[in-house]
Amino acid sequence: MKKIFGIVLLGLAMSVLAVAQQLPDPHFENWTKVYNGDPQPADWNGSNVTQVGLKFTFLYQKPGRTGHCLYVADKSVGALGITAVGPGYVSLGKPWQYLKGLSVKSATAGTEGGIPWKYRPDTMSVWIKRVGPATDQEDFHLLYYSWTGTAKGSQYKNKAGKPTATERINEESDIRLATDGNECGTDQPGKQVAEGWYRARAKYSEWKQIKVPIFYKSDGRPTMCNVIFSAGNYPAFRANDGLYADNAIYVDDVELIYSSKIDKLTINGKEWKGFNPNSEKEQTYKLPEGSEGVVIGGYRGIGTLTNVKGEKARFNGRKLDKEEMTVVPGEVNGKPWVITVKAEDGSSTHVYKLRITN
């Protein structure tokens, strides 16, 4: 009985660990808030707008792949004959909007904050449907990013293309400087750790799974993260008029995936171009002449993203730490080195065997 009880406890501990490394309510079943009479998820926030005493709902509950799902759409917002299309999106952070009086040209919007976070996933899997009258003219966005520190900004681009003064803490564009940086300037940047960003112009009438790779800018662990699912040209085009009413996105069953593969292997500080990260068969590496000793390093989360200006933003990846990767030394021209890599959530393991010669 004691052995059985121990196994149950171990299984429970592993289950709790896995849950802790996922986003809150990833299947969108907890709808305890209400906005303008419409149910809202407890852990996620829509870009709903309250203006001149009127309320406009952008986020709704709909039947999903399993249970309920999120539904957000771009929507025409206004009063007294003054209207503009606003971006429909949902976030773990807090969507914000700014409009001075009834001047549409002063309008701007964004997202600030997120949730406390210390994990380093490698992929974000999202199930979506994409519908609307102009899906071929406007990108939808699936975005994950994490950071440390506190970002501060005091002005953001408005629809007139000029700065609007409004102070924000941990605003998305003051963190994602390489891919969607604040065009009006950031007062104090956050230190971005990771980013996964997928955008496309497409229509999906049926549920489609999209896997978004997550790239890393630094080795350290984050302290915060945020996720944005957007029906239209946000966050890529802040305060842009290129939004189309009723372009919409359904979102369900979000999962963070933790990998045990190596993206890049270094030997004595230099990348081994011939390394195959998908093979667990023995691989052979020839040391350059004059090499002394063997120091092996593994990296994950390496890639390139195209930012909003069409430029390439390079993410150099993060070095795997001793909890993730262990190396049992071998011998030059003798027994192989054994490299064991574990996924951060313990979900998988890869073992690489490396024979080194000179």
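The values are calculated or read from the model by the stated rules, or taken from the named source; none is laboratory data. Just so we're clear, the structure is a prediction, and the values are computed from it rather than from any experiment. With ideal geometry, Cβ positions are generated from the backbone for all residues, glycine too; neighbour counts draw on all protein chains shown. Calculation scope for accessible area: heavy atoms of the full protein, side chains included, ligands and nucleic acids excluded. Shrake-Rupley method; radii C 1.70, N 1.55, O 1.52, S 1.80 Å.
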Mean shadow of the chain, computed from the convex hull of its alpha carbons, in nm²? 22.5
Residue-normalised value, i.e. accessible area per residue, for the stretch 271-358 at 1.4 Å probe, in Å², stands at 59
Over 32 Å between C-alpha atoms is what I'm after, so list which of K62/K312; K270/K335; K129/K353 land there. K62/K312; K129/K353
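About its Cα centre, what dipole magnitude does the chain give when the only charges are +1 on Lys and Arg Cβ and -1 on Asp and Glu Cβ, stated in debye to the nearest 20?
Once rounded to the nearest 20, the dipole reads 320 debye.
Which of K105/K152; K211/K309; K75/K217; K94/K208; K211/K281; K162/K211 have a Cα-Cα distance over 31 Å?
Over 31 Å Cα-Cα: K75/K217; K162/K211.
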Using label points projected 7 Å from each Cα along Cα→Cβ, tell me how many nm separate K286 and V131, to one decimal. 6.1
Specify which residue in the list Y250, W337, M325 is farthest towards the positive end of the charge dipole of the chain, using unit charges on the beta carbon of Lys, Arg (+1) and Asp, Glu (-1), about the Cα centre. W337
Quick check: the distance between the Cα centres of the stretch 286-350 and the stretch 200-234, to the nearest angstrom? 24
Angle, helix 2-20 long axis vs. longest principal axis of the chain, Cα atoms, 0 to 90°, nearest 10? 50
Which of the peptides 184-190, 322-328 is most tightly packed, and how do the rest follow, going by the mean number of other Cβ atoms within 10 Å of each residue? 184-190, 322-328
Of S154, L142, I169, farthest towards positive along the dipole that unit charges on Lys, Arg, Asp, Glu beta carbons give the stretch 135-174: S154
Per the charge dipole of the chain (beta-carbon charges, Lys/Arg positive, Asp/Glu negative, Cα centre), the residue among A42, N276, V72 reaching farthest to the positive end is N276
If you place +1 on the Cβ of every Lys and Arg and -1 on the Cβ of every Asp and Glu, how big does the dipole about the Cα centre of the stretch 25-151 come out, in debye to the nearest 20? 200
Roughly how big is the stretch 257-358's charge dipole about its Cα centre, with Cβ charges of +1 (Lys, Arg) and -1 (Asp, Glu), in debye to the nearest 20? 300
How much mean residue ellipticity at 222 nm does the chain get from its helices, if each DSSP H run of length 4 or more adds -39500 (n - 2.57) and you divide by all residues, to the nearest 500 deg cm²/dmol? -2000 deg cm²/dmol
If I compute solvent accessible area with a 1.4 Å probe over the protein chains, what percent of it on the stretch 50-158 is carbon and sulfur? 54
